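The structure appears below as structure tokens.
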Amino acid sequence: MSFLGSENVSSEKKEIQLWIPFCDARCIFCYFPTEVCAKDRIETYLNALRKALTRYSETVYTRSCEFDEIYFGGGTPSVLTSEQIRDLLSHSLKHFNVKKEHIIKIAGYTYNFDDRKLKAVANYGIDQVDLGIQTFNDELRRRLHLRDDRRKVEHTIKTARSLGLYVSIDLMYNLPGQTSSVWRRDLEKALELDVESVDCYPLDVYPDTILAKQLYTSQLPPVGDILTELGMYQDAFNTLTTAGYKPTCHNRFSRIHEDFEKPCFEILGTGAGFFMGHLGRYSYTDVESIGEYVDSVTREKFPIAKLAIYSEEEEMRKTMMRLYIRLAVDKDKFRERFGKLPEDVFPEAINKLRGKGLIEVDDRKIILTRLGDVWRANIAWEFGPRKKKFNC
Ligand code: SF4
């Protein structure tokens with residue numbers, strides 16, 4: 001509370017995240033704490049969400065911030081009606097200082113993004129739709145319990161683009177029974193549809209998902225081994241970079257100019273299951289249960305479940321771990337902030353990674369090599385936290 005009562009002094013770019021923890025059905029690989037829509041609960045939840053946003057907006061810290069981006073995440077924000085999206089957006093624009101040059105993005109699912117809703121979001125000034133496509137292959141879509149077919153997916157992408165919206169899509173690879181040629185056809189389809197960016201994710205099998213159970217009981221064909229997965233990543237890298245997209249962020253290949261600017265490192269968000277809060281030296285996650293979230297906000301509390309405060313050592317680790325999102329480590333800035341060079345703090349990790357040809361180090365910066373790009377998650381973990389403190 002004392003932090004929120006202090007003035008913002010950081011020059012990091014800032015984002016507001018509005019978290020919508022509802023979906024209209026469950027994809028079999030999903031591990032997010034989302035609820036299948038109960039329409040009557042949505043309005044109650046949105047009232048609580050607006051109330052929590054207002055509460056944040058009244059703090060000294062937030063009043064002294066200017067925000068660069070608004071992001072509707074979740075869950076599936078496109079389960080909301082156009083009017084609910086409009087009200088939430090105007091509430092945020094009214095209560096927060098949002099820069100004149102801002103970006104607004106909404107995540108969604110083609111199944112519930114009909115033409116009318118797409119037109120509405122374009123009219124509200126939303127710039128980009130992030131669509132979880134996963135695959136264009138109808139057989140795989142049925143296997144993953146994705147709710148619509150290739151035709152609807154293509155129609156939604158084409159409509160969104162024709163309305164002037166940027167379209168960013170997620171594709172997944174190494175799916176059960178997915179061959180390399182099916183994966184390549186997915187990549188080619190993304191190129192044919194001329195989307196602005198493609199996030200390529202390898203399938204992660206989380207315990208307790210329907211997918212894990214179906215794989216375990218052989219109801220689904222197995223997923224490929226690590227070499228298959230790496231081969232599919234290389235296919236994506238080669239296909240998309242040859243077509244003019246550049247790698248950026250976690251798993252993104254993009255041709256959107258803003259995707260290559262410094263990302264928003266301060267994220268003020270709220271919602272049941274929201275997990276990416278980051279303000280100053282604090283990171284936080286909200287409570288997962290929708291009932292608990294509503295209850296907490298109604299009792300005039302911030303609905304935070306976990307709060308971590310980064311020590312200076314953790315801040316240094318975090319700076320190095322940004323290699324994962326393909327950001328260079330600026331050595332001068334590192335020294336300015338921490339009084340030491342990265343090589344003084346992490347000599348072993350840096351020597352090891354440089355020796356393996358995974359990173360390149362010169363007088364000014366540390367960057368991933370082409371080989372390191374493939375292994376960037378492992379590289380980040382070489383600088384990973386050894387322990388974390390949580391104050392609940
Ligand atoms: S749409 Fe996204 S959040 Fe919803 S069930 Fe599918 S993967 Fe999970």
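Computed from the coordinates by the stated procedures, all read-outs in this text should not be read as laboratory data. Everything numeric here is computed off the predicted structure, so don't read it as measured data. Cβ coordinates were reconstructed from backbone atoms using ideal geometry, including for glycine residues, and neighbour counts include every protein chain displayed.
General remarks:
- Put simply, the amide H of D170, placed in the peptide plane, has neighbours under 5 Å in L131, G132, I133, Q134, D199, leaving out anything fewer than 5 places away on its chain.
- Whichever lysines have a C-alpha closer than 18 Å to that of K333, once near sequence neighbours (fewer than 8 apart) are set aside: K13, K262, K318, K365
- Projection of the Cα convex hull of segment 42-178, averaged over all directions and equal to a quarter of that hull's surface, yields 9.2 nm².
- Relative contact order [Cα under 8 Å, 6+ residues apart], the chain, whole percent: 15
- Working note: Karplus 6.51/-1.76/1.60 with θ = phi - 60° gives segment 355-368 the couplings x, 8, x, 8, 10, 10, 10, 10, 5, 9, 8, 10, 9, 6 Hz, where Gly and Pro are set to x.
- Gain upon complete extension [H257, I226; 0.36 nm per residue less C-alpha separation]: 7.9 nm
- In segment 18-173, lysine pairs closer than 15 Å at Cα, eight or more apart or cross-chain: 6
- Rg followed by Dmax, in Å, when the chain is reduced to its Cα trace: 21.3, 59
- Net charge over other residues, Cβ less than 13 angstrom from the Cβ of K352 (K, R count +1; D, E count -1): -1
- Placing +1 on the Cβ of every Lys and Arg and -1 on the Cβ of every Asp and Glu, with nothing else charged, gives segment 13-260 a dipole about its Cα centre of roughly 540 debye.
- Estimated dipole of segment 324-390 in Debye, rounded to 20 [Cβ of Lys and Arg +1, of Asp and Glu -1, Cα centre]: 380
- For K301, the aspartates and glutamates whose Cα comes closer than 13 Å to its Cα, not counting residues fewer than 8 places off in the same chain, are D286, E292.
- In order through segment 176-183: 3J(HN,Hα) via Karplus (6.51 cos²θ - 1.76 cosθ + 1.60), integer Hz, x for Gly, Pro: x, x, 7, 8, 4, 6, 5, 4
- From the C-alpha gyration tensor of segment 144-300, square roots of 5λ in Å: 30, 24, 17
- In plain terms, the chain from S311 to R151 could stretch by 52.6 nm, reckoned as 0.36 nm per residue minus the Cα-Cα distance.
- Distance between the 7 Å Cα→Cβ label points at D332 and N238: 3.9 nm.
- In order along segment 264-269, phi translates into HN-Hα couplings of 6, 9, 9, 10, 9, x Hz, rounded to whole numbers, per the Karplus curve 6.51 cos²θ - 1.76 cosθ + 1.60 with θ = phi - 60° and x for Gly and Pro.
- Burial ranking of peptide ranges 181-191, 70-80 (average Cβ count within 10 Å, highest at the top): 70-80, 181-191
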